[in-house]
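The values are calculated or read from the model by the stated rules, or taken from the named source; none is laboratory data. Everything numeric in this text was worked out from a predicted model, so none of it was measured. A quick note on method: Cβ atoms are made from the backbone with ideal geometry, for glycine too, and the neighbour counts reach across all protein chains shown. Note: areas computed on protein heavy atoms with side chains; ligands, DNA, RNA excluded. Shrake-Rupley method; radii C 1.70, N 1.55, O 1.52, S 1.80 Å.
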Amino acid sequence: MIPVTKPYLPNREKLNQYIDGIYERNWLTNNGPLLQELTGRLEKYLGVENLLLVSNGTLALQIAYRTLGITDFQTRETSEAITTPFTFIATASSLKWEGVEPVFSDIDPKTWCLDPAQIESKITPQTKAIVPVHVFGNACDVEAIDNIAQRYDLKVIYDAAHAFGVSYKGQSLLNYGDASTLSFHATKLFHSIEGGAIVFKSKQDLERAKQIINFGISGPDNIDTLGINAKMNEFQAAMGLSVLDELESNFTFRAEIWNNYAGSLGSNYQLQKLNPEIQYNYAYFPIVFDTTEQALQVLNMLKENNIIARRYFFPSLDTVDYFQLEHYQPISKDIASRILCLPVYYGLDTETQNTIITLIKKAVMK
Ligand SMILES: Cc1ncc(COP(=O)(O)O)c(C=O)c1O
């Protein structure tokens, strides 16, 4: 079976060396030395400051909302955040979980990121934040979004779960907004089995978040704030360091797969219009077909050949029942109904890739 993605397993000897260290120190979690090493190395690699490692990408979002005061459990005021319906469920469910009502705004039909021109009409007195997603690693229109946020005094939290290593205008994309969050789930380009990170604009927010992820404890005898447990442990950090050590070959391999797909399928199908100012990370290869029927036909034909493509991101989140919405965002709903993500992972061989390309062409006869 060819999956849509496969976890990257780093060199075993290298991983063992990190794990030997854990056994020698008997320090398994709570800001251990490997976590500190990974924090420093990621800050350097990504070109960011104020990076906080956490146990997964969903908690990264939740901690970011808490730290930036989007949820106010003291006053219990209702708050809203404007976000995209074209993303993985965690972007919006994390808001709802935190007591913040997600207000969906439509995406740009070409970039599939939030369309800044539609955001302003969704702002109400309850709006506290904008939560855009750099979907599939494509950069949002960060200048336009930050401009709106400044004019209306809103916080911006970028869900950058897909944007590891993406740079924009020569610097890290993660440096935009009040915070950006990352997911280091096993299926991601860079992973720590489960894991995630928040990159804060301000050092003060970083320090507050450090307490929040550790039960709100500020010292041996002090509990200053309401907190939770969202710490990354040493075994996760060991995997992260091992994957990071080999990241360049992973990137190069994926770039080749991506370019092969793009070169063979490119002009005949709708591909995501990438922001021209980014250095891309080749994390995903999404493709939009002319109709839902065509997308499903390709999905089934690939499946018959033991190849799994996935309908990322379907359904459009505004149609999920528990949000109880009556009006849907038409562009997101349309793109979600016609999209498939093709297999991209380290080790995917050219022959399989060419089979995928041939099957797609055959299915839609282009
Ligand atoms: C856009 C987006 N946000 C958030 C998450 C949640 O990350 P995690 O699985 O690490 O909790 C994911 C996971 O795939 C994601 O794709």
Revision key, fill the gap. Subset of region 315-353, residues open to solvent by 50 Å² or more (accessible area, probe 1.4 Å), in contact (Cβ under 8 Å) with a residue 60 or more places away in the chain and within 29 Å of Ala186 (Cβ to Cβ), comes to Tyr322, Tyr346, Thr350
Practice item. Answer yes if at least one residue in region 51-59 is farther than 23 Å from Met232 by Cα, open to solvent by less than 10 Å² (accessible area, probe 1.4 Å), within 15 Å of the ligand (Cβ to nearest atom) and at pLDDT 95 or above, and no otherwise. Key: no
Study note, to complete from the structure: Among (1) within 11 Å of the ligand (Cβ to nearest atom); (2) open to solvent by less than 10 Å² (accessible area, probe 1.4 Å), Ala237 falls short only on (1)
**Study point:** Criterion violated by Thr5 - all others in (1) open to solvent by 20 Å² or more (accessible area, probe 1.4 Å); (2) of a type outside the set (Gly, Ala, Ser); (3) over 25 Å from Met239 (Cβ atoms); (4) within 16 Å of the ligand (Cβ to nearest atom) satisfied
**Key:** (3)
**Study point:** region 160-187, residues that are under 16 Å from Leu46 (Cα atoms) and within 13 Å of the ligand (Cβ to nearest atom)
**Key:** Ala160, Ala161, His162, Ala163, Phe164, Ser180, Thr181, Leu182, Ser183, Phe184
Review point. For region 81-92, does any single residue satisfy the condition of being away from the ligand (no atom under 14 Å from the Cβ), in contact with a Lys or Arg (Cβ under 8 Å, 6 or more places away or on another chain), open to solvent by 10 Å² or more (accessible area, probe 1.4 Å) and at pLDDT 95 or above?
Key: no
Check your understanding: Are any residues in region 163-179 buried (at least 24 other Cβ atoms within 10 Å of the Cβ) and outside any loop (DSSP other than H, G, I, E, B), and if so, which ones?
Key -> Leu173, Leu174, Ala179
Practice item. Starting from residues that are over 23 Å from Tyr282 (Cα atoms) and not aliphatic (A, V, I, L, M), keep the ones in region 144-162 and report whichever is least open to solvent (accessible area, probe 1.4 Å). Key: Asp146
Review point. Does Ala363 satisfy being open to solvent by less than 50 Å² (accessible area, probe 1.4 Å) and modelled with pLDDT under 95?
Key: yes
Check your understanding: Which numbered condition trips up Val131, out of (1) without any contact (Cβ under 8 Å) to a residue 40 or more places away in the chain; (2) closer than 25 Å to Thr78 by Cα; (3) crowded, with 19+ Cβ neighbours inside 10 Å?
Key -> (1)
**Study point:** Glu101 being crowded, with 19+ Cβ neighbours inside 10 Å, more than 14 Å from the ligand (Cβ to nearest atom), under 23 Å from Gly177 (Cα atoms) and over 19 Å from the mean Cα position of the chain (by Cα)
**Key:** no
Exercise for review: Sort out which residues of region 289-310 are under 20 Å from the mean Cα position of the chain (by Cα) and buried (at least 18 other Cβ atoms within 10 Å of the Cβ), and write them in order of number.
Suggested key: Ala309
Review point. Among the residues of region 39-47, is any in a loop (DSSP other than H, G, I, E, B), charged (D, E, K, R) and without any contact (Cβ under 8 Å) to a residue 24 or more places away in the chain?
Key: no
